[in-house]
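Reading through the structure tokens given below for one structure.
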Amino acid sequence: MSELRIDSFGELYRKTPWKPEMYQDYLAPIVSHVDGHFEPLVASFGFWPRALQKVNVEKANEQGRKPPIMRSTVNVRDDNLGKSPLYGPAWRGGQRCLIPARWIYEPNWETGKHVRYRIGLAGWRQLCVAGIWRTLKAQDGGYSKPWR
């Protein structure tokens, strides 16, 4: 974060605390380029909140249509990012961010069972994971985007 001239997320955390581990729909700290400089923000982790997905499922059920599959949207492959109907507009629009972390977990299935596999830098120093963000239109007509 020092390379981006961001001293601390302390002030942001005091206003809007987040949990130590991030899962879909949890609040998460991010860094994005805002008005010509890098700024710490808080966002909802995951690109398509489960609450919005549930609304689509309920709507399909009410209309007698097959409901869409609920998806985890915290990971996307880079080979289809720009072409994706979900992720593409944000990627092409330059809505990129960095997600600070000390480590990330990935599933390890070598034993046949899901084991959390921790990945990070030596000494568990801070790193950043690349991300994209988007503004969501809420049911009430308002908008939800990363906030300060």
Pairs, first assigned to a strand (DSSP E or B) in the stretch 111-134, second of a type in the set (Gly, Ala, Ser), C-beta under 8 Å, six or more apart: Gly120/Ala101; Leu127/Ala101; Leu127/Gly120; Cys128/Ala101; Val129/Ala101; Ile132/Ala90
By residue number, the members of the stretch 68-84 that are under 17 Å from the mean Cα position of the chain (by Cα) and exposed (fewer than 10 other Cβ atoms within 10 Å of the Cβ) are Asn75, Arg77, Asp78
Residue, surrounded by the most Cβ atoms within 10 Å (Cβ to Cβ), within the stretch 14-25, restricted to residues that are modelled with pLDDT under 90, under 14 Å from Gly46 (Cβ atoms) and not charged (D, E, K, R): Met22
May I ask you to list the residues in the stretch 94-114 that are loosely packed, with under 12 Cβ neighbours inside 10 Å and not charged (D, E, K, R)? Gly94, Pro107, Trp109, Thr111, Gly112, His114
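Restricting attention to the stretch 65-107, and to residues there that are among the basic types (Lys, Arg) and not in a loop (DSSP other than H, G, I, E, B), which single residue is farthest from Gln126 (Cα to Cα)?
Residue satisfying both the conditions and the ranking: Arg92.
Return yes when Gly46 is in a loop (DSSP other than H, G, I, E, B), of a type in the set (Gly, Ala, Ser) and surrounded by 14 or more Cβ atoms within 10 Å (Cβ to Cβ) and no when it is not.
yes
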I'm told Ala60 meets every condition in (1) exposed (fewer than 14 other Cβ atoms within 10 Å of the Cβ); (2) of a type outside the set (D, E, K, R); (3) part of a loop (DSSP other than H, G, I, E, B) except one. Can you identify the failing condition by its number? (3)
Going by the structure shown, is Lys113 modelled with pLDDT under 85 and charged (D, E, K, R)? no
Please specify each residue of the stretch 21-54 satisfying the condition of being within 17 Å of Cys128 (Cβ to Cβ) and within 15 Å of the chain's Cα centre (by Cα). Glu21, Met22, Ala28, Pro29, Ile30, Val31, Ser32, Pro40, Leu41, Val42, Ala43, Phe45
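The values are calculated or read from the model by the stated rules, or taken from the named source; none is laboratory data. All values reported here derive from a predicted model rather than from experimental measurement. Counting neighbours? That spans all protein chains shown, and the Cβs are built from the backbone with ideal geometry, glycine included.
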